[in-house]
Every structure is written in structure tokens, then in C-alpha cells.
Protein chains: 2
Amino acid sequence: MTARGRAAARRGRPQSEAATAALMRATLAVVAARGYHAATLEEIVARAGSSKPTVYRRWPSKPRLVADAVRFALAAANPSAPATGRPLADVRAVVGNVIHALRTTPLARVLAALVGAAADEPALAEALVEVERERRRVLRAVVERAGARDADLDVDLVLGALYFRVLMRRMPVDARLVARLTRRLYGRSCDGS
Amino acid sequence: MTARGRAAARRGRPQSEAATAALMRATLAVVAARGYHAATLEEIVARAGSSKPTVYRRWPSKPRLVADAVRFALAAANPSAPATGRPLADVRAVVGNVIHALRTTPLARVLAALVGAAADEPALAEALVEVERERRRVLRAVVERAGARDADLDVDLVLGALYFRVLMRRMPVDARLVARLTRRLYGRSCDGS
DNA sequence: CCATTACGATACTACGTGGTATCGAATATA
DNA sequence: TATATTCGATACCACGTAGTATCGTAATGG
């Protein structure tokens, strides 16, 4: 995704993986703080203790840099689905993971930036859909086991409610949403186990 | 919101309301087509058959222009809540209105642009929250009558699922979602009427 | 008819910023 | 040691565009 092909240990100085990781982190932080367009390469590079040429040796453009930074963030915040044998507990765990990521990482603000910039930059639209697909894959598995008749709809409901709060209402997500959501959708008065 | 105060019918040539409306429509169209940042005043003005000075006589900046354009769009697409006496029909009607607006107006793409730019431009964040509040006011009334225990949560679920599809999954909303949503949340197997 | 204000057209300024070129130093292979 | 490639620093260019200034003209009120 970033370095050039692993063709038999090339000659000169190798690319610094530390610099790459620092750039990913700095990109996320600056995009989260300023939004996509107001995030400047200058600030990203300064924060990473790196330089613009180092960026452009890895990524061909700003949108591609940001798109990879988003994938980098997701990989660290989307653990695979648990399977404890208690379906409701699994749902609560996954929903809790999403909420925790939205509360404690810059991912929420970064996604907001992506949603707006996706119209302009195809690379960002692609990254956005990938993020959604990965989240969906994990959540769908547990809501199916919880007895959902229309698992796709349930995923839209759960993720939708969470992102709606963050992106449109612009209010922090509350950890108690885990209980409210699971009770509403899989509570004792309806089906579910 | 745009013209100056109605202080005793001032002297010279009055501001053209036709030009104002044309600018609102053109702003919505261009922001929908290009996103917030790539939407240029030049293109908006050309499309409206107007000029930049005419814009800046009404709004002090681009974000304020776009913010008012969003309010303008919402006013045309958010009818007040019906009260037919049949709660489920009322819910279906309001959800159907939202879906219809998302399908047939540029509002969806405009909101996507707003979500991203809101981090940068306070005026857009304000407009975004206002749009959400108006939608919520209407929808909340009908879901309360439909017997929702936690009306705020239900509004988040319904609007969240719809906007989630549009903003993050980037797929068109389907008119059949009305039935799937209302059945899932207020269907016969649970409470509801 | 005169003063006032808005109109659309056009040219222009000011500024930010993505991206490139060029440096000397560092780190790798052969 | 020679060669290749990366590193961070810095300066620079090219470009787009928000916003302003200045036109001559059109529409209102006094």
C-alpha cells in the first residue's frame, strides 16, 4: 500500500517504517482537528517530524495519504466478532467496541471529514465504503446470531444511530447507548434470546 | 435572514427576490454536484445568472451563503407532522417524506458536504444541527404517538439508518425502507398499536 | 427629474497550499 | 570503499479562488 515491491532487498537506505507510522498518526490527528480541506501537508509533516518529500515518496497525493490513514486507523479499532455462545452479550460487545472507538479515537471526526470530501475525491469515497464494510462484516455476524430477521437492516439501525449522533447531531456518544440499543432491538419483550 | 430590515420602504431599487431565490437554488445544485469546497462562487453565480457583488450584498461569506441555502432547502422539504388518528400511518407518512426528499432533491448530497465542512465552518455546523432539529421535531411527534418508550432513541434509529445509507454507504435509499423500518420498530410482534 | 440603491459584468488582489526541486547527511548493499 | 536510496530541511512554483473595487445601467421613492 505504501512501500515499493519487496524485490530482493534493494540497495540503498530503506524506507523508515517509523516515519510511515508517524505520518499516519499525524494525518489522523490533523484531519480530525481541522477537517479534510483545512488539514495542510505542512502541519501534518511538522507534527510527524518528517518532511513533504518523505510523504510524496510514499503517497502520490493528499487524498491517497488520508485514505490510507483511515485504513490504518480502522485496522486498530475494529476487532473481530466475539462468539461467547451468548448472542446478546456478543452484540453488546461489538456495539461497545464501536462506541469506544468513537469516544476515544479521532476516528469519528475523521469520518466526518471523509463524508464531506468523498464527493470530491474518489480515493476517499473508496476508503469510506471500505471502513463501513469492515464494520458491517463484524456487526452483521453477531446480530444474525441474535436472531435478527433482516440483519442488514439491523446493522443500518445500529451503526446509523451511532454515526447519526456523531456526524449530524454533533453530540458525543454515550456509553449507555449500548444498553438502550440492545434492549430496544433485542430486548426481552421481542424475540432474541 | 438575507435582506436588510423593513424600515419604512427605503429609497432606491429594491433587492430582487428572484435573484435571491435563484442564488439559493444554484448554491444547492452546485454544492450537491461538487461538494462544499469544490463549489465555487463563480459557478454558482453563473448558474444563477447573477454576479458576485450581488451575492456579497446578501451574505457576508461563502459559508453563510451555503448555510442559508440549506435552510431554504429544508423549508421546502419538511412538512409538519400528520395526525390522522392512526399512529402507524403517521409514522409511515413522515418516514416516507424523508425518504422522498432524499431521493428527489439535492438535499442528501448537500448534507454530506455539510457534515465534512462543519468542522471547519461554524456557520455550517449550526445549519446542520438546525436541519436535524427540525426533522427530529416532526418525527418525534409521530413516534411518540406510535407508543415509543424512548422516542429520542427511535428518532436516532430511523433517521440514523436513512442518513447512514446515504452518507456512509453511499447507496441510494429505497422506498421500501418505509415498510422495513416501521415493521421492525413498530411491527405487530412488539408493542405499537 | 433627482437621489438612491441594486443590478450584472469584469478585472483585480491577496492568500493559502499542493506539489516539486535541491540540498547535505544518513544508512543500506556490493 | 563505491554506489544507491532515503532521510529531513528549505525554498520555490503554480494554481485556484474568496472577496473587493469599479463600471454603466435599471428600478425605486421624493
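Listed values, structure above:
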| quantity | calculated |
| --- | --- |
| FRET efficiency for B:R86 and A:D152, using Cβ-Cβ distance with R0 set to 30 Å, rounded to 0.05 | 0.60 |
| Cα-based Rg and Dmax for the protein assembly as shown, where Dmax is the largest Cα-Cα distance (Å) | 23.2, 83 |
| Distance in nm between pseudo-label sites at A:M171 and B:R133 (7 Å out along the Cβ direction from Cα) | 1.2 |
| Mean Cβ count within 10 Å, highest first, over the residues of peptides A:132-138, B:23-29, A:111-117 | A:111-117, B:23-29, A:132-138 |
| Average partner coverage of B:150-158, which counts Cβ from other chains inside 10 Å | 5 |
| Estimated 222 nm signal from helices in chain B, with DSSP H stretches of n ≥ 4 weighted -39500 (n - 2.57), rounded to 500 | -20000 deg cm²/dmol |
| Innermost chain A residue relative to the axis carrying A onto B, by Cβ distance in angstrom | A:G116, 1 |
| Residue mean of other protein chain beta carbons inside 10 Å, B:116-129 | 5 |
| DSSP H segments from chain A that extend 27 Å or more along their own axis, Cα-based, with Kyte-Doolittle mean of -0.5 or above | A:122-145 |
| Partner chain coverage, peptide B:166-173 - average Cβ within 10 angstrom | 6 |
| Computed magnitude of the charge dipole of chain B (debye, nearest 20; Cβ of K, R +1, Cβ of D, E -1) | 560 |
| Taking chain A and dividing mean pair separation by its residue count, relative contact order in percent (alpha carbons under 8 Å, at least six apart) | 22 |
| Simple spin-label estimate for A:A76 and A:E17 in nanometres, 7 Å along Cα-Cβ | 1.5 |
| Distance between the range B:125-180 and the range B:14-55 - C-alpha centres, whole angstrom | 29 |
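Coordinate-derived values only; no laboratory data. Model, not experiment: these values are computed from the prediction. Cβ atoms come from the backbone with ideal geometry, glycine included; neighbour counts cover every protein chain shown.
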